[in-house]
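See below for the structure under consideration.
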Amino acid sequence: MAEPPRKSETRKSDDRRMKTTPASAAVGKLLAGTMRKRGFLQAEVITRWADIVGVELAGSTVPVKLVFPRGERMGATLVVRTESAFAPLLSHKAPRIIEKTNAFFGYGAVAKMSVVQGPLPRKIVRAQMAKQPLAAPEKAKLDALTGTGELSPLRQAVKSLGEYVLGPKPKGQVK
């Protein structure tokens, strides 16, 4: 006859089933090797670049890599990519960027900055959909769901969302 599982074994298996791993922890483990090869011991330099240098500079620059001297953890060269028209301005702002990066690290990790000219990754900007007037059947359906008369702020928000959902779709979209 089989013995019942010990209490400690049952708890261990229950703990594994009941907990989920945050996506940031899983992605961090997957990217660690690649980031280390490029000199980014902390992936936060890339993910928090806008916080480090500011939104204006982050929109026109991308950190490429940190190059440390062999066996050292200070005196690195920060390589930053930008488009050719912005490179002279970035060169003038280099001391401030180095200062902000070192403040992020908490010590003098970066000694100099190198500017590399090249294309930046494209950012996808989505335009807001315009509300289209509803046909009679859709309007009747929406009024049945939200009610008529004076609407509370929540009902007004639901009705506005319903106008987007039930309204005509732009060409190329599947209902």
Problem - Hits in segment 90-126 - residues which are under 20 Å from P69 (Cα atoms) and part of a loop (DSSP other than H, G, I, E, B) - result: G106, Y107, G108, A109
Practice task
Please work out if V67 is in the same structural domain as A50 (by TED's automatic domain parsing) and not hydroxyl-bearing (S, T, Y).
Solution key: yes
Exercise for the section: Take the residues in segment 60-89 that are within 18 Å of R122 (Cβ to Cβ) and of a type in the set (S, T, N, Q), then tell me which one is modelled with the lowest pLDDT. Expected result: S84
Exercise for the section: Take T146 and decide whether it is in contact with a helix residue (DSSP H, G or I) (Cβ under 7 Å, 6 or more places away or on another chain) and touching a residue at least 40 places away in the same chain (Cβ under 8 Å). Expected result: no
Completion exercise
Of those in segment 116-137 that are of a type outside the set (G, A, S) and in contact with a Pro (Cβ under 9 Å, 6 or more places away or on another chain), the residue modelled with the highest pLDDT is L134
Handout entry: Some residue of segment 67-75 being of a type outside the set (A, V, I, L, M) and either under 17 Å from the mean Cα position of the chain (by Cα) or within 14 Å of V115 (Cβ to Cβ) (or both)
Key = no
Exercise for the section: Could you tell me which of the residues L31, L57, L41 is modelled with pLDDT under 85 and touching a Lys or Arg at 6+ places or on another chain (Cβ under 9 Å)? Expected result: L41
Exercise for the section: Taking the options L154, L89, name whichever one is among the hydrophobic types (A, V, I, L, M, F, W, C) and farther than 23 Å from V165 by Cβ. Expected result: L89
Practice task
Output the number of residues of segment 90-115 satisfying the condition of being more than 20 Å from D51 (Cβ to Cβ) and either modelled with pLDDT of 95 or more or surrounded by 12 or more Cβ atoms within 10 Å (Cβ to Cβ) (or both).
Solution key: 5
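The values are calculated or read from the model by the stated rules, or taken from the named source; none is laboratory data. The shown structure was predicted, so the numbers you read here are calculated from the model rather than taken from an experiment. Note: ideal-geometry Cβ built from the backbone for every residue, glycine included; neighbour counts use all protein chains shown.
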